[in-house]
Amino acid sequence: MRQFAIIGLGRFGSSIASTLYSLGYDVLAIDKNEERVEDISDRVTHAVQADATDEAAIRTLGLRNFDVAVVTIGNDIQASIMVTMLCKELGIPKVLAKAQGDLHAKVLLKVGADRVVFPERDMGVRVAHNLVSSSIVDFIELSDDYSLVELSVWPEWVDKNLQELEMRVKYGINVLAIRHGSSINVSPRSDDVIREGDVLVAIGSNQNIKRLEAHNQ
Ligand code: ADP
């Protein structure tokens with residue numbers, strides 16, 4: 001049974017805490033703001049008011065016995081760095097921290113964060129892609145260079161097979177799966193035919209995906 005400590009109960013932190021709890025995990029939620037602690041108290045295992053930069057206070061909470069700590073302190077960058085460092089010093093195996101920007105992320109990794117997330121930036125990227133393109137149903141950035149996208153089928157693709165479409169040559173993407181209604185073909189063959197209303201799951205460089213989006217406008 002994994003135990004999670006969520007430190008900083010803004011919108012992002014509270015949503016992680018209550019989701020993990022609803023999935024059946026043991027969740028300790030910490031914030032220095034009493035109101036935020038009260039708000040979440042019946043949606044987590046324990047909710048505690050404490051300043052997480054206070055080493056003695058977090059030692060008392062037994063944080064070192066947790067498997068995962070998620071540091072979701074947002075605007076107070078100094079506190080987020082200190083708390084991330086403290087969590088690693090206590091020996092928590094996995095510490096995930098939320099960053100405001102690249103420099104903040106770099107420092108978090110330097111002080112020992114195992115993973116850094118950028119919820120605002122990531123959501124911004126997804127929303128922007130959805131806004132400019134009617135065909136990119138969803139968008140997941142895999143690295144700085146590559147992304148996974150769901151593409152709805154263009155009219156000129158309908159009733160052609162993958163070999164005829166030459167997606168890799170023409171658009172620089174690899175088709176990983178084809179969704180047809182509620183069924184999904186996860187190992188498409190070159191003679192599989194695309195139908196109207198299908199959704200393709202494809203991987204490609206961000207540059208190629210941008211080109212696909214531009215074509216669609
Ligand atoms: P979001 O953008 O996810 O809403 P916020 O920056 O608004 O994030 O929320 C961060 C939370 O972290 C706030 O509730 C704040 O009280 C809490 N916080 C900030 N510093 C500390 C600290 N030293 N110890 C505990 N909680 C903190």
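The values are calculated or read from the model by the stated rules, or taken from the named source; none is laboratory data. Quick caveat, the model's predicted, so the values are computed rather than measured. Cβ sites come from the backbone with ideal geometry, for glycine too, and all protein chains shown count toward neighbours. Keep in mind that these areas ignore ligands, DNA and RNA; they rest on the heavy atoms of the full protein, side chains included. Shrake-Rupley method; radii C 1.70, N 1.55, O 1.52, S 1.80 Å.
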Hey, could you check segment 179-200 for residues that are of a type in the set (A, V, I, L, M) and modelled with pLDDT under 95 and say which is surrounded by the fewest Cβ atoms within 10 Å (Cβ to Cβ)? Val186
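Using the structure shown, decide if Val70 is of a type in the set (A, V, I, L, M) and in a helix (DSSP H, G or I).
Spelling it out, it is not the case that Val70 is of a type in the set (A, V, I, L, M) and in a helix (DSSP H, G or I).
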If I ask for residues that are within 16 Å of the ligand (Cβ to nearest atom) and open to solvent by 60 Å² or more (accessible area, probe 1.4 Å), which ones from segment 87-126 would you list? Glu89, Gln100, Glu120, Arg121, Asp122, Met123
Any pair with Cβ under 8 angstrom, 6 or more apart, that starts in segment 60-83 at a residue that is of a type in the set (A, V, I, L, M) and more than 8 Å from the ligand (Cβ to nearest atom) and ends at one that is modelled with pLDDT under 95 and open to solvent by 20 Å² or more (accessible area, probe 1.4 Å): Val68/Arg2; Ile77/Gln100
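Using the structure shown, decide if Asp138 is buried (at least 16 other Cβ atoms within 10 Å of the Cβ), of a type in the set (Asp, Glu) and closer than 28 Å to Gly13 by Cα.
no
With open to solvent by less than 60 Å² (accessible area, probe 1.4 Å), more than 8 Å from the ligand (Cβ to nearest atom) and either closer than 16 Å to Ala97 by Cβ or within 18 Å of the chain's Cα centre (by Cα) (or both) as the only criterion, which of Leu20, Leu28 stands out? Reasoning before the result, please.
Numbers: Leu28 fails: either closer than 16 Å to Ala97 by Cβ or within 18 Å of the chain's Cα centre (by Cα) (or both).
Unique residue meeting the criteria: Leu20.
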Just the residues that are farther than 15 Å from Lys210 by Cα and touching a residue at least 40 places away in the same chain (Cβ under 8 Å), please, taken from segment 114-141. Pro119
Which members of segment 49-59 meet the condition of being more than 10 Å from the ligand (Cβ to nearest atom) and either open to solvent by 70 Å² or more (accessible area, probe 1.4 Å) or among the acidic types (Asp, Glu) (or both)? Glu55, Arg59
Quick one: count up the residues across segment 1-11 that are under 19 Å from the mean Cα position of the chain (by Cα) and surrounded by fewer than 19 Cβ atoms within 10 Å (Cβ to Cβ). 2
Being more than 20 Å from Ser80 (Cβ to Cβ) and either open to solvent by less than 60 Å² (accessible area, probe 1.4 Å) or more than 8 Å from the ligand (Cβ to nearest atom) (or both) is the requirement here; does Asp39 meet it? yes
Out of the residues in segment 1-13 meeting the condition of being within 10 Å of the ligand (Cβ to nearest atom) and among the small types (Gly, Ala, Ser), tell me which one is nearest to Pro119 (Cα to Cα). Gly13
Apart from one, (1) within 20 Å of Phe118 (Cα to Cα); (2) not in a helix (DSSP H, G or I) all hold for Ile16; the odd one out is (2)
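Name every residue in segment 141-178 that is open to solvent by 100 Å² or more (accessible area, probe 1.4 Å) and among the acidic types (Asp, Glu), in order of residue number.
Matches in segment 141-178: Asp144, Glu164.
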